[in-house]
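Notes to accompany the following structure.
The values are calculated or read from the model by the stated rules, or taken from the named source; none is laboratory data. Predicted, not measured: the structure shown is a model, and the values here were computed from it. Note that each Cβ is placed from the backbone with ideal geometry, even for glycine, and that neighbours are counted across all protein chains shown.
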Amino acid sequence: MIIIIATGLLAGGVTAFAGPIAFVGLAVPHLTRQIFDTMEHKVLIPAVFLYGAILMLLCDMIAQLPNSANILPINAITSLVGAPVVIWLLIRKRKMIF
């Protein structure tokens with residue numbers, strides 16, 4: 001129980017410090033595992049690097065739309081992607097418990 005509490009506090013602290021960009025670190029590995037449907041780390045680690053970079057590039061392109069005078073903070077775009085994934089993970093985990 002102590003390990004679970006410590007892990008939760010550490011994850012919360014990192015998210016609070018790094019902001020919503022940390023959602024990418026939480027969301028991308030889970031999404032990549034769903035896409036590749038494997039637990040083999042030789043496949044997952046390079047795929048997570050690639051999909052994380054692609055996601056950040058897409059979020060950056062959305063944040064800096066061409067011919068737009070306004071530039072959105074990238075945190076806003078990444079939180080739109082990451083928050084639903086984290087909520088989905090929590091709901092899925094809750095269904096597994098009950």
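A quick yes/no check of all residues on (1) among the β-branched types (V, I, T); (2) surrounded by 15 or more Cβ atoms within 10 Å (Cβ to Cβ); (3) at pLDDT 85 or above:
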site	(1), (2), (3)
V24	yes, yes, no
Q34	no, no, yes
K42	no, no, yes
F49	no, no, yes
Q64	no, no, yes
I71	yes, no, yes
A83	no, no, no
>> If the requirement is being within 25 Å of G8 (Cα to Cα) and aliphatic (A, V, I, L, M), which of these qualifies: L50, L80, L72, L58?
In response: L80
> Name the pairs: first residue in the range 49-66 and of a type in the set (V, I, T) and part of a helix (DSSP H, G or I), second residue at pLDDT below 90 and surrounded by 12 or more Cβ atoms within 10 Å (Cβ to Cβ), Cβ to Cβ under 6 Å, at least 6 apart or on different chains?
Replying inline: I62/I77
>> If I ask for residues that are in a loop (DSSP other than H, G, I, E, B) and closer than 15 Å to I21 by Cα, which ones from the range 67-98 would you list?
In response: L72, P73
